[in-house]
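One structure below.
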Amino acid sequence: MNFFDTLNNYFRDIINHNIYFVLVALIIISLTFLLSKYFFSTLLKNLLRKTKSKYDDLLIDKGFLKNFSFYPPLVILYLLLQMKFGSVDLINRLYNASFIIISTRLTISLVEILNSIYSSSKFSGQVNIRSYVQVLKLFVYLLAAILVVSIFLNQSPLYLLSSIGALTAVIMLIFKDTILSFVSSIQITSNDLFRLGDWVEAPQFGADGDVIDIALHTIKIQNWDKTISIIPTHKLVDSSFKNWRGMTNSGGRRIKRALNIDLNSVKFCDSNMVKKFLKISLLKDYLEAKINEINQYNNQQKISDSLINGRSLTNLGIFRIYIQKYLNKNININKDLTFLVRQLAPNKYGIPIEIYVFSSDTNWIKYEQIQADIFDHLIASIKEFDLNLFQNPTGQDLNKYHENNN
């Protein structure tokens with residue numbers, strides 16, 4: 001056998017041995033992976049699903065068990081390569097890099113689990129941590145990337161960090177929006193500007209509705225027409241907006257609306273009008289006391305010839321008192337908040353009688369029903385006080401005017 005035959009047989013033996021090794025390694029790795037996947041993704045998954053606790057289900061939903069199942073095959077592969085080739089620098093680097101990648105995925109799963117647990121707690125409505133969770137995940141990814149690169153370059157991670165420090169200006173330019181959004185998130189949390197579920201109104205962004213998501217870069221607001229406004233976090237904080245949470249927490253929602261009374265219908269009350277008003281139960285006690293007070297004053301001042309010379313009741317004043325009595329008796333009005341029925345300055349629409357009170361229910365639908373019921377009653381009642389509401393003439397009014405003149 002010559003030299004070339006010997007060399008050929010030598011390489012053939014090496015190839016055969018390597019082929020056998022690869023086949024055996026593939027079989028072992030495949031079995032290990034299948035067993036690991038069966039244990040973590042099937043057996044353990046079924047056991048956790050049967051428990052009463054919902055927290056252990058997060059290990060499945062967030063991929064924690066799935067990511068953990070990659071560890072056993074990775075360790076077995078590393079041990080096989082060590083047995084075959086010994087301690088080889090390239091194999092060690094690949095193993096360390098793979099270990100960091102799997103550990104990173106496992107860490108991210110753990111962060112998401114903790115975030116889900118917090119989101120389901122009673123404290124989630126007070127402080128939203130989603131922005132901080134996103135920053136933490138970004139930091140974990142960045143740290144993992146630095147470690148993997150340092151492994152392949154055979155350099156200390158501190159060396160790479162020092163190189164990154166020299167590129168601070170470039171990094172700040174790249175992550176400008178992220179940095180601004182993170183600072184804004186801190187302001188939102190520390191100053192309690194708004195929370196999930198708050199009604200926020202930001203006209204400059206066309207947003208008016210409930211906050212449904214507070215992320216690192218964006219705020220999602222579901223408008224009342226069910227559209228979604230997505231606003232950059234730092235831009236919303238830098239601009240002005242209205243948070244209606246104070247109204248919700250106060251236990252009352254403001255009703256501020258005026259009835260415009262026709263000035264021509266305002267007049268002093270004669271004896272017949274007073275008798276009619278005394279039949280209104282809400283006014284009886286007030287009128288009896290007021291009439292005695294006015295009569296006593298007029299007698300002392302010896303005023304009896306004219307209503308204008310002394311003190312007299314007016315139908316507008318009595319109607320204003322009636323509104324106060326009616327609202328004070330209404331169980332849907334919050335008496336602990338501002339309660340005011342006032343007369344505003346006359347204008348081209350008449351004399352406004354403004355109602356400034358708060359409903360006892362802040363729900364929008366119920367609030368509108370309460371407000372409508374109040375004004376339905378007052379508009380229908382105003383005729384009983386010989387008053388007229390002002391409104392611009394309609395076609396029907398003009399037709400009646402022409403008919404009367406013809």
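A short reminder: the numbers here are calculations on the coordinates, not readings from a lab. Small disclaimer: the values here were computed from a predicted structure and weren't measured. Reconstructed Cβ throughout: ideal geometry from the backbone, glycine too, with neighbour counts over all protein chains shown.
Key figures
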quantity	calculated
Of 122/226; 54/226; 275/383; 37/62, those spanning more than 20 Å from alpha-carbon to alpha-carbon	122/226; 54/226
Given charges at Cβ of Lys, Arg, Asp, Glu: the range 280-406 dipole, positive-most of 367, 345, 396	345
Largest to smallest principal axis extent of the C-alpha atoms in the range 185-251, angstrom	32, 29, 19
Entries in 242/348; 66/137; 242/366 that, when Cα-Cα distance is taken, lie over 24 Å	242/348
Dipole magnitude of the range 199-249 about its Cα centre (Cβ charges: Lys, Arg +1; Asp, Glu -1), debye to nearest 20	60
Descending principal axes extents, the range 253-394, alpha-carbon based, whole Å	55, 38, 25
